[in-house]
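Here's the structure we're looking at; comments come further down.
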Ligand code: UDP
């Protein structure tokens, strides 16, 4: 892998990455539910990356089903309950991704931050590491297990815990721009920005809590497009193609 390889003296050691994508990435054109063709595409992209020899952790959001903040706006559902509903939504997405990856012959475990043992394993850090060491992909579900957080923050937290070398925020855009590329024609992709730049500008791709946690732990954040075929391999294995690096 391209990033920080100079710090890695053990050339046989596999590179460990954590890939985060939002629940909306899985959704249909209305931004809701799980589109099975999209699910299949994402699974194939992750398989390609796995076959390059990377150890892969995944965090998926739940925004395609429910978000606590949005649910609470109705006044009908308390924020805390809405957040727990959102975390459960991520478990649904995680199981869908597990099934899609397994249908391609990969070995996958889902670990949840909320005990839901009939459905998947509970998150146990040492067990997660063991799965990764054995070449299994681990999907971390139910966020941090706590309300008032996001799955971006959960993704950074899990990445730090499993000692991933990099966290990848996989999106529908190519990276971080100096202005909104949907509104401004001349918007420029930023190759690299510091954590402080990202915090100051409140970049939309990741929330401030997640960026601050990454900063404190010197975890590089790569923002790139997951919907261009083989792009994850280009970025993470060959260090080419369009992406932004934070940190
Ligand atoms: N959530 C939470 N704690 C966490 C992670 C997620 O309460 O640690 C809830 C929160 O309500 C959030 C929802 O789960 O809105 C879905 O996650 P998120 O909005 O981050 O999903 P994404 O936007 O990535 O699809």
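The values are calculated or read from the model by the stated rules, or taken from the named source; none is laboratory data. In this text, all values refer to a predicted model and were calculated from it rather than measured experimentally. No Cβ is skipped: glycine too gets one built from the backbone with ideal geometry, and neighbour counts run over all protein chains shown.
Of note:
- Any hit, the range 5-25, residues being at pLDDT 95 or above, surrounded by fewer than 21 Cβ atoms within 10 Å (Cβ to Cβ) and in a helix (DSSP H, G or I): no
- Any hit, the range 55-66, residues being free of Cβ contacts under 8 Å to residues at least 24 places away in the same chain and closer than 13 Å to residue 150 by Cα: yes
- Some residue of the range 199-211 being in contact with a strand residue (DSSP E or B) (Cβ under 9 Å, 6 or more places away or on another chain), in contact (Cβ under 8 Å) with a residue 60 or more places away in the chain and within 16 Å of residue 18 (Cα to Cα): yes
- Test for residue 157: is it closer than 22 Å to residue 62 by Cβ, at pLDDT 95 or above and crowded, with 16+ Cβ neighbours inside 10 Å: yes
- Residue match in the range 26-36 (condition: modelled with pLDDT of 95 or more, away from the ligand (no atom under 13 Å from the Cβ), assigned to a helix (DSSP H, G or I) and under 23 Å from residue 231 (Cα atoms)): yes
- Scan the range 129-145 for residues that are out of contact with any helix residue (DSSP H, G or I) (no Cβ under 6 Å at 6 or more places or on another chain) and within 16 Å of the ligand (Cβ to nearest atom) and the total you get is 1.
- Odd one out for residue 195 among (1) modelled with pLDDT of 95 or more; (2) closer than 19 Å to residue 242 by Cβ; (3) more than 16 Å from the ligand (Cβ to nearest atom): (2)
- For the range 72-130, the set of residues classified as within 18 Å of residue 37 (Cα to Cα) and assigned to a helix (DSSP H, G or I) consists of 92, 93, 94, 95, 96, 97, 98, 99, 100, 101, 102, 103, listed by residue number.
- Scanning the range 203-246 for residues that are over 17 Å from the mean Cα position of the chain (by Cα) and under 22 Å from residue 188 (Cα atoms) gives 234, 239, 240, 241, 242.
The rows are residues; the columns are (1) in contact with a helix residue (DSSP H, G or I) (Cβ under 9 Å, 6 or more places away or on another chain); (2) more than 24 Å from residue 55 (Cβ to Cβ); (3) surrounded by fewer than 18 Cβ atoms within 10 Å (Cβ to Cβ).
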| position | (1), (2), (3) |
| --- | --- |
| 176 | yes, yes, no |
| 219 | yes, no, no |
| 224 | yes, no, no |
| 235 | no, no, no |
| 241 | yes, no, yes |
| 245 | no, no, no |
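- Residue check for residue 148: surrounded by fewer than 20 Cβ atoms within 10 Å (Cβ to Cβ) and away from the ligand (no atom under 11 Å from the Cβ): no
- Filtering the range 47-71 to residues that are closer than 20 Å to residue 143 by Cα, more than 7 Å from the ligand (Cβ to nearest atom) and part of a helix (DSSP H, G or I) leaves 70, 71.
- Against the test of being more than 16 Å from the chain's Cα centre (by Cα) and within 14 Å of the ligand (Cβ to nearest atom), the options 74, 122 yield a single qualifying residue, 74.
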